[in-house]
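What follows is calculated from the coordinates using simple rules that are stated; it is not laboratory data. Since the structure is predicted, the reported quantities are computational estimates derived from the model, not experimental observations. Every residue, glycine as well, gets a Cβ built from its backbone with ideal geometry; the counts of neighbours run over all protein chains shown.
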Amino acid sequence: MSTVSTLRPFRAFPSEALYGNVRVPGDKSMSHRALLLSALAIGESRIEGLLEGEDVLCTAAALRACGVPAERQSDGSWQVLGRGVGGLKEPSEILDLGNSGTSARLLMGVLAGQPIRAFMTGDASLNRRPMRRVSEPLSRMGVTLALRGDRFLPLLLEGPERLLPITYEMPVASAQVKSAVLLAGLAAPGSSGVIETQATRDHSERMLRYLGATVTDEAAEGGGREIRVVGERELKAKDLTVMADPSSAAFPVAAAALLPGSELQLPAIGINPLRTGLYGCLAEMGAEIAFANPREQSGEPVADLTVKGGRLKGIEVLAERAPSMIDEYPILAVAAACAEGRSVMRGLGELRVKESDRLTAVAEGLAANGVTVAIEGDDLIVEGCGGRVPGGGLVATHRDHRIAMSFLVLGLAAEQAVTVDDVTFVDTSFPGFAALVTGLGAKIEAAS
Ligand code: S3P
């Protein structure tokens, strides 16, 4: 999984309205957590709707290497035989987390609570992403960590016999850091937690509670929220259903919003308010988006989404909104490029350390397709074309699934076809993306 030698370029052609009722794959964040928390629970779990993208398969493979059976069943569900907190085995192989930051960072938290040694690595993109943000709190809990250059994978992690509980003030708004501390905290005496000044996705907290853990979320003394988990308690295995991924739905939804006359229905989309920032933005831009039949699925709110196409206008998105749509800025920038007027997206520093430097990749991709765009500090400014963008460009995806999908959507709403240099990494989060969008009436195909 770490070496990919051949590029798979794809091209998206100007398309008319999209129609259909489609289910997008399971939520990536929830799928990782379903596997990891089921592994830490006692007993057998059945997981429905697990995302079978490469990132999640990396988490499953790492768990198997640590002695946790985690297998797909013939009916498409997944079965995990939980070993309990502290019950994982020392892996005899290097854990390769491929392109997946969530696998690497959450697994660091899980392994912190096992008195074992593990080596972890990833692909060229993951091995460039910052890991100090997780190793820092874990070393305060007593974990021994050796990172390449003190910051990066590959790393060696050695869990202590007994972890120390901590309260960690998070310097970055990151659900992965929060989750790593909470997962490690399951093995520590007393309670452990984080203080976050900006709320980040709370899927770990919700699933921990669902499996019987005690998780508290209170106002912190100096401001922000303090989120804690009580350690040394058993988690009880329970069946889980994974919601459809709102971050994956974002691509067909934005495409439909940009193509007048479109109408799509997407069932059981996760509507956790810490994930739906993009939908609020699209609605403010004038898109017709409605959620019906709200309900709960394994501790997460879901609803059936309908979107209709029309004309969009530019928007200003303040930095406070970033955690609720951190993965959606590339597709929002594409929508902004087709909107009427200027859009300004503020406080996007974290985009520089995602699967690629997304801030630069988005700006370069838009410029290559005739859109006027600028980066000022951590802000992105896009001058909307008020309809179809010129297009005709070649976009460098930098091994980044969301850059690839965003610019394929741009091609649908362009005057001339848009080519992306590689769609290999789309499979990390959205296997079947091109077929799904094609089935709605879009024209996307392999390019030479
Ligand atoms: C994720 C958190 C976010 C997000 C990533 C998934 C998670 O990362 O970008 O795709 O599942 O916790 P950060 O925690 O780095 O913001």
Around Pro165: net Lys/Arg minus Asp/Glu count, Cβ-Cβ under 11 Å: +2
Positive dipole terminus of the chain, leading residue within Leu50, Val423, Gly314 (C-beta point charges): Leu50
Extension gain (nm, one decimal) between Glu161 and Glu288, 0.36 nm per residue minus Cα-Cα: 40.2 nm
In nm, spacing of pseudo-spin labels at Asp217 and Glu316 (7 Å Cα→C-beta vector): 2.9
Under 13 Å, Cβ to Cβ, from Leu440 - net charge with Lys/Arg +1 and Asp/Glu -1: 0
Between helix 101-112 and the chain: long-axis angle, C-alpha atoms, 0 to 90°, nearest 10: 10
Proximal charge balance of Pro130 [Cβ under 14 Å; K/R count +1, D/E count -1]: +4
FRET efficiency, Lys89 to Arg148 (Cβ-Cβ, R0 22 Å, nearest 0.05): 0.35
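Nearest 5 is fine: what % of DSSP beta bridges in the chain come out antiparallel, could you say?
Roughly 75 percent of the beta bridges in the chain run antiparallel, per DSSP.
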Only Lys, Arg (+1) and Asp, Glu (-1) charged, at Cβ; the chain dipole about Cα centre in debye: 440
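What is the fewest-to-most order of Cys58, Cys66 by other Cβ atoms lying within 10 Å of their Cβ?
On the way: Cys58 26, Cys66 23.
Ordered by Cβ neighbours within 10 Å, fewest first: Cys66, Cys58.
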Cα gyration tensor, region 28-241 - rounded (a/c under 1.5), prolate or oblate: rounded
Karplus (6.51, -1.76, 1.60) ³J(HN,Hα), θ = phi - 60°, over region 262-269, in Hz, Gly and Pro reported as x: 5, 8, 10, 10, 10, x, 6, 6
Gaussian network model of the chain, springs between alpha carbon atoms under 10 Å - residue of Ala173, Ala322, Ala12 with greatest fluctuation: Ala173
Point-to-point label distance, Glu136-Glu48, nm (Cα→Cβ direction, 7 Å offset): 4.2
Charge dipole of the chain about the Cα centre (unit charges at C-beta), most positive-ward option of Gly392, Leu145, Ala237: Leu145
Karplus-derived 3J(HN,Hα), 6.51/-1.76/1.60, for each residue of region 242-249, Hz, glycine and proline x: 8, 5, 5, 6, x, 6, 6, 4
Likely footprinting exposure, Thr419, Thr200, Thr144, fewest C-beta neighbours within 10 Å first: Thr144, Thr419, Thr200
In nm, spacing of pseudo-spin labels at Thr372 and Arg342 (7 Å Cα→C-beta vector): 0.9
Extension gain, Leu274 back to Tyr19 (0.36 nm per residue minus Cα-Cα distance, nm): 89.0 nm
